[in-house]
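Okay, structure first, notes after.
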Amino acid sequence: MVIHQHQTVYIIALMELKSFYLSMDPDERDRFAIRCGTSIGHFRNVVYGKLCGEKLAINIERESAGRIRCEGLRPDVDWAVLRGTDCQPKEAA
């Protein structure tokens with residue numbers, strides 16, 4: 001069985017998110033989910049493996065002060081374009 005790079009990145013990010021989640025007490029978890037703009041139940045589902053949307057990935061990165069990165073939660077998205085790290089103009093052929 002071949003594990004693709006995206007899957008590996010995602011699994012590592014989920015482990016980091018779960019560790020972050022478990023480091024908070026239940027009230028902190030609830031407040032974190034609300035600050036991220038999601039329900040407590042949905043946030044818990046994401047922590048335990050449900051794929052989150054791009055907006056929630058961004059909110060999690062923001063609210064975790066960068067500890068949990070968008071690139072890990074959604075490695076299928078080209079975040080470099082949004083971050084401006086891949087904005088070099090292409091030369092005309």
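The values are calculated or read from the model by the stated rules, or taken from the named source; none is laboratory data. Everything numeric here is computed off the predicted structure, so don't read it as measured data. Positions of Cβ are generated from backbone atoms using ideal geometry, with glycine treated the same way; all protein chains shown enter the neighbour counts. When the accessible area is computed, the model is the full protein with side chains, heavy atoms only, and any ligands, DNA or RNA have been set aside. Shrake-Rupley method; radii C 1.70, N 1.55, O 1.52, S 1.80 Å.
Ile34 - would you say it is over 17 Å from Cys70 (Cβ atoms), in contact with a helix residue (DSSP H, G or I) (Cβ under 6 Å, 6 or more places away or on another chain) and without any contact (Cβ under 8 Å) to a residue 12 or more places away in the chain? No: the conditions fail for Ile34. Mind listing whichever residues of the stretch 4-21 are surrounded by 12 or more Cβ atoms within 10 Å (Cβ to Cβ) and of a type in the set (A, V, I, L, M)? The answer is Val9, Ile11, Ile12, Ala13, Leu14, Leu17. If you go through the stretch 75-92 and keep only what is buried (at least 16 other Cβ atoms within 10 Å of the Cβ) and either modelled with pLDDT of 95 or more or not in a loop (DSSP other than H, G, I, E, B) (or both), you end up with just Trp79.
Asn59 meets the conditions (1) assigned to a helix (DSSP H, G or I); (2) surrounded by fewer than 19 Cβ atoms within 10 Å (Cβ to Cβ) in every case but one. The failed one is (2). Among the residues of the stretch 33-56, just one is in a loop (DSSP other than H, G, I, E, B) and of a type in the set (A, V, I, L, M), namely Leu51. Of all residues in the stretch 22-32, those satisfying the criterion of being farther than 22 Å from Ile12 by Cβ and either open to solvent by less than 60 Å² (accessible area, probe 1.4 Å) or in a loop (DSSP other than H, G, I, E, B) (or both) are Asp25, Asp30.
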